[in-house]
Amino acid sequence: MAAKTKRSAAASGTTPDPYEIGPLGLYQLVDETGAEVAVLPEFPEGLPVRLLEAMLFQRALDQRMLNLQRQGRIGFYGTAKGQEGAVLGSGAAFAEQDWLFPALREGAIALWRGMQVDHYIAQCFGNSADPTKGRQMPCHYSDAPSRYVSLSSPIGTQITHAAGAARAVQIRGATDQIVGGWLGDGATSSNDFHAGLNFAAVWKAPIVYVCQNNQWAISVPAAAQTASETFAVKARAYGMPGLRVDGNDVLACYAATKLAADRARRGDGPTFIECLTFRLGGHSSSDDPSKYRDEDIAKTWEARDPLLRHRAWLVARDEWSEEQQDDFLAEAGKTISEAIARVEAAEPVATETLFTDVWATMPALLQDQADRLANEETV
Ligand SMILES: Cc1ncc(C[n+]2csc(CCOP(=O)(O)OP(=O)(O)O)c2C)c(N)n1
Ligand SMILES: [Mg+2]
């Protein structure tokens, strides 16, 4: 009910502009209770429900993948728990033809763009069901059909990859394409952050950077990461707009990223968006945050869960119900279980693939090694 009352109060105002709010404010459309705090922009038909479904699916998938790691069935996993609003809100604002360069926690965007659930899971098993042949560490997804490019483990490297791709798009005159580049708060301290943002701004490249400020870089808090007032304000130094958005408000993340994407597509240059959120879980399956942070703070952020907020907003508009949620989660659980069963049954990656995909014509010395391996000789 609260949502409905507030909506009519807010309806007298105008839709806020995140570019006007700027890097020191906070752009928000829906508050923690699901109530509208501003006049909302128009969203494409059906998008808000799809966003909730995708967030629910990712939360369920993350938990199942973490369980697999705990059971020793995969080696490593990192969840996006608590950040699904920032991940999917930003990711959904890009178009099919765009190129995306994710950081650590954006796998849900690949699924949103059509990556098969089997491929997502297989990447973590690293077996023959994985189109990338087990060559990357778990959670380094890539999906060629959806133009979702694998990150490299060294933090921040994707920032320059994305800037280079945006410049390439420009050189080729591909005016319908833009690039998305994601990073964490910790990555703002990397050399690549400076090189990437500087390059993108100097060339007025068609790119949107999305920084998920989840307030931690493993055990380093954001306060120890920077002396700047916000992460978004750093954009000013490079000559591009910096926006600061409530990262647990999926609609605000979508609306801000869409504005930035439209701007880049018009040829008006890059935007840097800080999404303020919180990492509810550990950094990865190898981490125990209770060793270095007060978990009572995590509890206050559980109350700001992006899934609960968006669900409350949809329920207040009669666009979602408890029954729909139960049905959706039951179906999602089934999809995930069936995919895990299929993927886990796949063979290991064939040893001879060690030699493939690098050379058009294999050098003689390497061919010799491949032959000897095939004959089970010592290489
Ligand atoms: C160059 C480099 N240094 C250290 C690491 C180890 N490392 C992996 S993730 C991470 C923290 C990243 O924090 P942030 O950018 O905030 O992303 P988040 O994990 O919070 O999503 C670090 C230090 C690394 N991968 N690369
Ligand atoms: Mg972080």
Legend entry - Among GLN325, ALA345, LEU307 the positive-end extreme of the charge dipole of the range 300-363 (Cβ point charges): LEU307
Inset, instruction - Compute the distance in nm between two label points, each set 7 Å from the Cα along the Cα-to-Cβ direction, one at PHE76 and one at ASP318. - result: 5.0
Legend entry - Pair GLU352, SER153: separation of 7 Å Cα→Cβ label points (nm): 2.9
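Relative contact order for the range 258-379: what percent, with Cα pairs under 8 Å and sequence separation of 6 or more? Let's see the in-between values first.
Numbers: 28 pairs, mean separation 11.5, N = 122.
Answer for the range 258-379 is 9 percent.
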Inset, instruction - Just add up the charged neighbours of ASN127: K/R +1, D/E -1, any other residue whose Cβ is under 10 Å from the Cβ of ASN127. - result: -2
Legend entry - Karplus 3J(HN,Hα) series, Hz, for the range 93-106 with 6.51 cos²θ - 1.76 cosθ + 1.60 (x for Gly, Pro): 7, 8, 9, 3, 7, 7, 9, 10, 10, x, 9, 8, 10, 9
Legend entry - Efficiency of FRET between ASP326 and GLU32 - r from beta-carbon atoms, R0 22 angstrom, step 0.05: 0.40
Inset, instruction - Using 0.36 nm per residue of separation minus the Cα-Cα distance, give me the extension gain between LYS299 and GLU377 in nm, one decimal. - result: 22.3 nm
Inset, instruction - Using amide H atoms built 1.01 Å from N in the peptide plane, name the residues 5+ places from GLY181, or on other chains, whose amide H lies under 5 Å from its own. - result: PHE101, VAL208, TYR209, VAL210
Legend entry - Loop chymotrypsin sites (Phe, Trp or Tyr not before Pro), the range 301-374, which have at most 15 other Cβ atoms in a 10 Å radius of their Cβ (DSSP): TRP359
Inset, instruction - Go through the range 225-238 residue by residue and turn each phi into a ³J(HN,Hα) via Karplus (6.51, -1.76, 1.60, θ = phi - 60°); whole Hz please, and just put x for glycine and proline. - result: 8, 8, 9, 5, 5, 9, 6, 4, 5, 4, 4, 4, 4, 8
Legend entry - Cβ-based exposure ranking for ASP249, ASP368, in which fewest neighbours within 10 Å come first: ASP368, ASP249
Legend entry - Label-point separation in nm, ARG265 to VAL202, each point 7 Å along Cα→Cβ: 2.9
Inset, instruction - Could you check what % of the DSSP bridge pairs in the chain are antiparallel, to the nearest 5? - result: 15
Inset, instruction - Answer with one residue from LEU354, GLN97, PRO206: the one whose Cα lies farthest towards the positive end of the charge dipole of the chain, charges on Cβ with Lys, Arg +1 and Asp, Glu -1. - result: PRO206
Inset, instruction - State the answer as a single residue: which of PHE278, PRO23, LEU183 lies farthest towards the positive end of the charge dipole of the chain, with beta carbon charges of +1 for Lys and Arg and -1 for Asp and Glu, about the Cα centre. - result: PRO23
Inset, instruction - Fewest Cβ neighbours within 10 Å first, please rank MET240, MET65, MET362 accordingly. - result: MET362, MET240, MET65
Legend entry - the range 213-313 - charge dipole about Cα centre, Lys and Arg +1 at Cβ, Asp and Glu -1, debye rounded to 20: 440
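Listing LEU276, LEU66 from the residue with the fewest other Cβ atoms within 10 Å to the one with the most, what is the order? Present the calculation step by step, with values, prior to reporting the outcome.
Working: LEU276 24, LEU66 19.
So the residues, fewest neighbours to most, are LEU66, LEU276.
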Inset, instruction - Using the Karplus curve 6.51 cos²θ - 1.76 cosθ + 1.60 with θ = phi - 60°, work out ³J(HN,Hα) for each residue of the range 294-311 in order, rounded to whole Hz, and write x for Gly and Pro. - result: 6, 5, 5, 5, 4, 5, 5, 7, 4, 5, 9, 3, x, 5, 5, 5, 5, 5
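All of the numbers you see were taken from the coordinates with simple rules; none came from a lab. Since this is a predicted model, take the numbers as computed values, not measurements. FYI the Cβ positions are ideal-geometry reconstructions off the backbone, even for glycines, and counts take in every protein chain you see.
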